[in-house]
Every structure is written in structure tokens, then in C-alpha cells.
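Structure record follows, encoded as C-alpha cells.
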Amino acid sequence: MKVMKFGGTSVGSPSRMKEVTNLVVSYNEPVFVVLSAMSGTTNSLVEISDYLYKKNPEGANEVINKLENKYMAHINELYETKEWQDRIRSFLKEEFNFIRTFTKELFTSFEEKVIVAQGEIISTNMVANYMKEKGFNVKLISALDFMRTDKNGEPDLAYIKKNLSIILEKECDGQVYITQGFICRNAYDEIDNLQRGGSDYTASLIGAAICADEIQIWTDIDGMHNNDPRIVEGTEPVHQLHFEEAAELAYFGAKILHPTCIQPAKYAGIPVRLLNTMAPEAEGTTISNMTEYGKIKAVAAKDNITAIKVKSSRMLLATGFLRKVFEIFESYQTPIDMVCTSEVGVSMSIDNSSHLTEIVDELKKYGTVTVDTNMCIICVVGDLDWSNVGFETIAAEAMKNIPVRMISYGGSNYNISFLIREEDKKRALQSLSKTLFGK
Ligand code: ADP
Ligand code: ASP
Ligand code: MG
């Protein structure tokens, strides 16, 4: 079976929902469809929650009313018969009244997660019912019945596999199976989610759980581009990526993919295809175990990075110095992205600076500490095995007019990373496009 995930813009209007239906039913075999909320909805639900945290129910109600009106306006365009229009109208009324109940209660992160989950619950209901009205055999499966995280907040693949197979055995005659992306239950059975953009992750977890033959991520662009299309002009799709290359790009800022979504597909050996709902015939990107030798594929950038340098002549060549430094980051659950060492010190980069003050305080025991904020990691991805001579020189050549704080190469066979100031990001990405891809 194929898994097909459609993002927010792909289900962003009644006409887009109809397009999705055409794509889904064009297969002559059952497909498993994962849907995001309609574009903008999750942001509105987060905004409602913000008002409720701030004890401002009027503000929340204003956003709820606006959102409800927007949805109600889609009904006549999407459904043909009065029977289905009425059915969906009462479903939406119930949904928005449910959201309104939270304006009267104590509001915590538990309630927020329930509110934020409604976007995907609404979109899947709308699309599944549209398909039903058109006569297709559709099974709407609640992600809350099988998608689950464990005590560490990591997906519990064994649970997901077991419960999904029980559901699919019961509902074995479906033509289209539809479920919500993003939402799940946690180890305490509470409604939770897989973080913003997490519908991609849902799709690849389902793919791994059902041993799908392909995971398709349908979005608003024709695959992974060789640079960030929001920043650089003339970017082009990359048709083939290795799992590791895609994972590096997603982790280092290529928004088209959720950072962790490649992992389950990679372990299960299932190819992932990135496709464009607006241009379904475009080739897109295929992510698999295949490496294209000797090729630099793409560049991505990750903002909000903080660089920390610990300099210590006392610690020169001392064993255990790096361990002590890294343990401080570990004790504050702060992952380190880049590391560069010299005889007199070590530089590290982090993207979660919520414990920066405490970390710096503790690091001061071991040396002089310098912090640079508003930094950016530029990541060049491709077949960068060290035996391929010259690639690091070409990448460094593109950065010749940019002040570079750190360089990391050799951590994997697939990337070179540069740490620069955020304000130099655009210039760096443009220069890399010119040097690497001639654009
Ligand atoms: P969806 O809502 O379908 O999940 P996203 O907005 O999460 O879509 O991801 C698609 C967007 O990712 C594109 O519209 C594009 O602006 C952005 N993007 C950033 N970097 C890249 C890249 N390297 N290649 C393609 N798209 C990228
Ligand atoms: N709707 C969620 C979000 O906007 C999840 C997703 O679209 O992947 O983040
Ligand atoms: Mg996305």
C-alpha cells in the first residue's frame, strides 16, 4: 500500500480538497492518506490558545468565530447535496462549540493540545465525507486510536504497528484510508502532537508500520530544491536524494520536510517521494538508499543558533575535558549541533538556548566562555565522502567574503556546515547557489 500525505496548502480550499480526491482515487489499489489541517488553521488554534493562556476569552472567541465562518463558507462549494451540506454544517457547529467550551475553563498545555488537534480532525472529516458523497469506499481512522508516543516523547512504533494492524484487519475492505497527521496520544493517554509540521512524521511512521511500498509527501512545491526557494531565486528541484542527505537538509532548515520524518522510512527502507499537488506530473524528489556519487545536491540554513566557546589553557590536552563540557549540556537537555576543537578550547553550537544562562555559568568552571547569538548554520549536502577531493574547497570558495565562525566537515559523509551570522545568511546562500549550481 502507498501512504500519501497532503500538507496544509494541499487541502487549503474546497477545490484543493477535490484535487486531492482525484489524486487519491487514481490508484487502482487501496491507499493510506494522511492529512494536515487546512493551511492557517493550526496557527489560528495556537492563537486561540494564546488568548486563553492570557485569560482573554473575548480575544479567543473572536478568532473562533472568524475561523468558524471561514469553514462554514466552504460547505456549499464542497458538497453537492443538501443532505451532506447539513451533515457537515452540524459537524462543524459541534466542533466549534467544543472549542468554545475551553474559553470557560482553566487553561493549561493539556487543553491547548486538545484545541490544536481539532484542525486535523476537521480536515480529515471534511475530505472523507466529500469522498463518501462521491461514492468512494472511505474509512476514516482516528490517529488517536493508534498513533502514540512513549515516556520520552518518542513514537512508540511497536504500539503503532500493533494497533494499526488490528484496525486495518477490521476495516479490510476500504479503498481509501484517511487519518490525521500531527496528532497522537502520549504515554499517559492524553491527546498530544508530533510538533509543528509533524504530519510528515505521521506519514513516515505509518509507512514503516504497514511496510508501505512508498511514502508520498504531497506539498506546494515540486520536491526538495537545491536551495531555500524563500530566500534564493532560481532554485531547482533535486530529483534524487539519499536518506542521509534528506535528513541533513530537513534537520538544517529545509522546511519541506519535518526534521525527524526521514528516520522511520530509512530504517524500514521505504522510499519517500516529495510531490507537488499543484503540478502532479512533475518528477519531484525521490529519497532512497541510492547515492549519486560525486555530487553536491543542496544547501539549507537553520536560524536562531547560539555559538559557545570555552577556552582553557589549564585544560590543554587534559583527558576528560570534553566529557565534562558535554555533560553540562546533557544535564540541561540541550543538544549540540556543531563542535570544533583546538588544543586550547572547544566551540559548540546549540539551537535551544532556553538554559543558556545556566550552561554558561557552569562552563565558566572550566575556562573563559564567549557566546555569540543570532547565528545561522549553513549546511551543504551531497556525496561529501573525504575521498572525493575538492568539494570542501569549492564550498569554502563560495564563502570567501562571509565571516565564518565555525566549519564542520567529516562528521558524516554527506555534509559540510558553516556557522555564520544570521545577517549574512542571504548573501551566503546566494553565493553558494552561484558557485555550486551556477545560478
Ligand atoms: P506543507 O504544508 O505541505 O507541509 P510546508 O510549508 O511545510 O508544506 O513545506 C513546503 C515549503 O517548504 C515550500 O513552500 C517552500 O517554501 C519551503 N522550503 C524551504 N526549503 C525548501 C527546499 N529546499 N525545497 C523545497 N521547499 C523548501
Ligand atoms: N497542522 C500542523 C502544523 O501546521 C501539522 C502539519 O501541518 O504538519 O504544524
Ligand atoms: Mg510541512
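Structure data summary
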quantity	calculated
Å² of accessible area per residue within the chain, as computed with a 1.4 Å probe and no ligands counted	46
Cα→Cβ-extended label distance, 7 Å offset, between residue 83 and residue 220, nm	3.6
Karplus-derived HN-Hα couplings along segment 409-425 (A = 6.51, B = -1.76, C = 1.60, θ = phi - 60°), whole Hz, x at Gly and Pro	8, x, x, 9, 8, 10, 8, 10, 10, 10, 9, 10, 6, 4, 5, 9, 4
Within segment 302-386, trypsin sites (Lys or Arg not before Pro) in DSSP loop having at most 12 other beta-carbon neighbours inside 10 Å	314, 364, 365
For the chain, share of DSSP beta bridges that run antiparallel, in % to the nearest 5	60
Loop chymotrypsin sites (Phe, Trp or Tyr not before Pro), segment 347-432, which have at most 10 other Cβ atoms in a 10 Å radius of their Cβ (DSSP)	386
Alpha-carbon centroid distance for the pair segment 217-234 / segment 65-111, whole angstrom	33
Taking only Cα atoms of segment 194-338, radius of gyration then Dmax in Å	18.6, 62
Restraint check, 93/266; 113/266; 54/93, Cα-Cα greater than 31 Å	93/266
Reach of residue 309 by Cα under 17 Å, taken over lysines that are not fewer than 8 positions away in the same chain	324, 364, 365
Pairwise Cα inverse-distance average, inverted: Kirkwood Rh of segment 291-439 (Å)	16.3
Cα-projected label distance for residue 295 with residue 324, points at 7 Å along beta-carbon direction, nm	4.8
Global size of segment 10-110 as Cα Rg and Dmax, reported in angstrom	16.2, 52
Principal-axis tilt of helix 82-101 within the chain, Cα atoms, nearest 10 degrees	50
Long-range amide H partners of residue 187 with built H, under 5 Å	149
Amide H contacts under 5 Å for residue 225, placed H, 5+ residues apart	238
Note, ³J(HN,Hα) from phi for segment 39-53, Karplus 6.51, -1.76, 1.60, rounded to Hz, x at Gly and Pro	4, x, 5, 4, 4, 5, 5, 5, 5, 4, 4, 4, 4, 6, 4
From phi via Karplus (6.51, -1.76, 1.60), per-residue ³J(HN,Hα) for segment 248-254 in Hz, x at Gly/Pro	4, 5, 5, 5, 9, x, 6
Whole-percent carbon and sulfur share, accessible surface of the chain, 1.4 Å	49
Long-range amide H partners of residue 345 with built H, under 5 Å	312
Residue 70 paired with residue 154, simple spin-label distance in nm, labels 7 Å along Cα-to-beta-carbon	3.6
Rounded to whole Å, sorted largest first: equivalent-ellipsoid semi-axes of segment 260-329, Cα gyration tensor	42, 16, 14
Part-to-part distance (alpha-carbon centres) for segment 1-54 and segment 148-205, which is given in Å	16
Expected 222 nm ellipticity per residue - DSSP helices of 4 or more, -39500 (n - 2.57), all of the chain, to 500	-12000 deg cm²/dmol
Radius of gyration, Dmax [segment 47-97; alpha carbons; angstrom]	13.4, 42
Cleavage-rule hits, trypsin sites (Lys or Arg not before Pro), segment 164-248, DSSP coil, Cβ neighbours within 10 Å at most 11	230
Length released on extending from residue 374 to residue 163, taking residue separation times 0.36 nm less the Cα-Cα span	71.6 nm
Distance cut-off 27 Å, percentage of C-alpha pairs in the chain lying past it	59
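The values are calculated or read from the model by the stated rules, or taken from the named source; none is laboratory data. Since the structure is predicted, the reported quantities are computational estimates derived from the model, not experimental observations. All Cβ positions, even for glycine, are placed from backbone atoms using ideal geometry, and neighbour counts span all protein chains on display. Keep in mind that these areas ignore ligands, DNA and RNA; they rest on the heavy atoms of the full protein, side chains included. Shrake-Rupley method; radii C 1.70, N 1.55, O 1.52, S 1.80 Å.
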